[in-house]
Amino acid sequence: MKVLFIQLLSLLTILLSASGKTECRLSSLPPWSHKVLAGGCSRAFAQAVLYPVDALRTLAQTRDDRTLADVGTGALIKGCGQTSSFALFTGAFQFGIYGVVQPKYGPLIASACGAAGSCLVSVPQEVLKQRLVTGVYKNFREAVQKIYSSEGVLGFYSAWKPTVSRNVPFVIATFSSREVLQRKIIEFKERNEEKKGQMKLSSGDNLLIGISSALVAGLATQPIDVIKTRMMTQAASNAAPYKSAFDCASSIIRTESWRKLYSGFGQRAVYMGGLWGITFTLEPLLTSYLRNKRDAQ
């Protein structure tokens, strides 16, 4: 797994730096590399487009119930460009690892490995994004400098346990649901059009699959998402900090009611449905494009 991480990172560096007179020969890259680049670009684009919706979700889950009136409308896009660029690597790890592991071990193990690997990038992204949105820091540079100076490298991985606990089951549910829905839709089309082995999923099919898969996974992991947000944004509250994820959950239930564990679900449903709908729609299109470019070289 360590070797695969290094290969993914090296590949992305090569592909991203390929410009001007430096030509990146797609024909020289392994087949799984197309999944890496297509997945990364799809995820980054989707996350940047839906960033304001995710910002609203973060505010709805804060301990002191912050609103746009408290932080200003600028919070909806604060740090959007910088933190969304992390999504390029998040998507690359998710789709790259999944593409390598899935043929041998199946979607369940592949999605778990992809989710765990992507947390290397997604946890710092979440910490920076949520502290910027809630007004803890004024800009991206200040956030990076102050977190590093006061908390060290580990500060970028605060609340990593609830984040991993949310991401792994969420991605497992999303990718596994995708596999099931893809198979069911193709079977349905074959029954009605009598073209066995020739049916392909349309972009509309993939969009619907992405939205449906994300909604199922989002409902199951919403309480963990609230706990993760609360722990990452504690610096924005004057209340005593939570001691652990368990303390956070029990405190919410005891002092605010269990319903608070589903706060921000509407915003998160719009965000995650759109995020995975766009990602699952663009990823196969970009993968096909890259393979065609490779074959033409």
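General remarks:
- Against the chain, whose longest principal axis comes from its Cα atoms, helix 33-49 is set at around 40 degrees.
- Among the protein heavy atoms of the range 193-275, carbon and sulfur supply 61% of the accessible surface, probe 1.4 Å, non-protein parts ignored.
- J(HN,Hα) series, the range 250-260, from Karplus relation 6.51 cos²θ - 1.76 cosθ + 1.60, nearest Hz, glycine and proline x: 5, 5, 4, 5, 6, 9, 10, 5, 5, 4, 5
- Calculated P(r) tail over 25 Å for the range 76-220, as whole % of Cα pairs: 40
- Spin-label pair Ala69-Leu219: with each label point 7 Å from Cα along the Cα-Cβ axis, the two points sit 3.3 nm from one another.
- Largest to smallest principal axis extent of the C-alpha atoms in the range 76-138, angstrom: 46, 16, 15
- Between 0 and 90°, nearest 10: helix 140-151 axis offset from the chain longest Cα axis: 60
- Alpha carbon centroid spacing (whole Å) that separates the range 208-276 from the range 74-97: 19
- Accessible solvent surface per residue of the chain, calculated while the other protein chains remain in place, 1.4 angstrom probe, Å²: 48
- Alpha-carbon Rg/Rh ratio, for the chain, with Rh computed the Kirkwood way: 0.99
- FRET efficiency for Glu256 and Ala296, using Cβ-Cβ distance with R0 set to 45 Å, rounded to 0.05: 0.15
- Treating r as the C-beta distance of Gln182 and Lys161 and R0 as 35 Å, the FRET efficiency rounds to 0.65.
- Estimated D of the range 203-297 in µm² per second, where Rh is the Kirkwood radius over Cα pairs and Stokes-Einstein applies at 20 °C, 1.002 mPa s: 136
- The three principal axes of the C-alpha atoms in the range 33-93 carry coordinate ranges of 44, 19, 13 Å, sorted with the longest axis first.
- Residue-averaged [θ]222 nm for the chain, counting only DSSP H segments that reach four residues, each worth -39500 (n - 2.57): -25500 deg cm²/dmol
- Label-point separation in nm, Glu151 to Ala239, each point 7 Å along Cα→Cβ: 1.8
- Within the shell defined by Cβ-Cβ distances under 12 Å, the residues around Val171 carry a net charge of +3, with Lys and Arg each +1 and Asp and Glu each -1.
- Each peptide in 256-268, 51-63, 129-141 was scored by the mean count of other Cβ atoms within 10 Å over its residues; highest first, the order is 51-63, 129-141, 256-268.
The values are calculated or read from the model by the stated rules, or taken from the named source; none is laboratory data. Bear in mind that the values here come from a model prediction, so they are computed numbers and not experimental data. Cβ sites come from the backbone with ideal geometry, for glycine too, and all protein chains shown count toward neighbours. Heads up: the accessible areas ignore ligands, DNA and RNA and are worked out on the full protein's heavy atoms, side chains in. Shrake-Rupley method; radii C 1.70, N 1.55, O 1.52, S 1.80 Å.
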